[in-house]
Amino acid sequence: MAVGAKHAAVPNKVHVKTGDNVMLISGKDKGKTGKIVAVSPDEGKIIVEGLNIVTKYIKPRQQGQSGQMVKAEGAIYSSKVQPVCPKCDKPTRVGHELKKGDKIRVCKKCGAELKY
C-alpha cells in the first residue's frame, strides 16, 4: 500500500466482456449498437466496433512519403454502454445466477442467459 493511502487497491471490474453486443446509452452515437472488440478494466474503458469513430493523423516516416488520416474506433467508458439481451433485444442490466455451481450472467428484464 502506498504511503498516505487510506484504502487498499481494489481490482477494477467491468460489467461487459469482449464479444458482447452492447448499446450506447449516451454520447454522439447514442442508440447505436456494436460488438465489443477490447476491454481495459484498469481504465474502465472499452472499444466497440463501429462506434466512436475518431480520426488519427499519421506523420510521414520517410522523405517523400505523404502523411495519412486514419479513421479508427476510440475508447469509451464502460458505464456509457449496456448489454443487449439476445432474447428480448433490449438494453439491460446484468444479473448473476448460480446454475449447476456455475455463476452465469442473466438479463434483468426477461431472465435470459447473456452469452458472449
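Values in this text are rule-based calculations from the coordinates and carry no lab data. Everything numeric in this text was worked out from a predicted model, so none of it was measured. Every residue, glycine among them, receives a Cβ derived from its backbone with ideal geometry; neighbour counts consider all protein chains shown.
With the cut-off at under 19 Å, measuring from each backbone N in the range 84-99 to a point 7 Å along the Cα-to-Cβ line of C110 picks out 84-97.
With +1 on each Lys and Arg Cβ and -1 on each Asp and Glu Cβ, how big is the dipole of the chain about its Cα centre, in debye rounded to the nearest 20? Around 180 debye, computed over the chain.
Of all trypsin sites (Lys or Arg not before Pro) in the range 14-52, which ones are in loop regions per DSSP and have a Cβ with at most 12 other Cβ atoms within 10 Å?
Numbers: sites: K17, K28, K30, K32, K35, K45; in loops: K17, K28, K30, K32.
Hits after loop and neighbour filter: K28, K30.
When the Kirkwood radius is taken over all Cα pairs of the range 21-85, what Stokes-Einstein diffusion coefficient follows at 20 °C and 1.002 mPa s, in µm²/s? Before the final figure, lay out the partial values.
On the way: Rh = 13.1 Å.
The estimated diffusion coefficient comes to 163 µm²/s.
Placing dummy labels 7 Å off each Cα toward the beta-carbon, the span from D102 to V54 is 3.7 nm. Please report how many Lys pairs in the range 23-84 have alpha carbons closer than 26 angstrom, counting only residues at least 8 apart along the chain or sitting on separate chains. Qualifying lysine pairs in the range 23-84: 23.
Note: the chain, Cα convex hull, 185 Å³ per residue.
Please return the longest stretch of the chain lacking exposed loop sites, where GluC sites (Glu not before Pro) count only if DSSP places them in a loop and at most 14 other Cβ atoms lie within 10 Å. Walk me through the intermediate numbers first.
Values: sites that count: E43, E49.
After excluding every exposed loop site, the longest remaining stretch is 50-116.
In this simple spin-label model, placing a label point 7 Å from the Cα along the Cα-to-Cβ direction at both K90 and K35 gives a separation of 2.6 nm.
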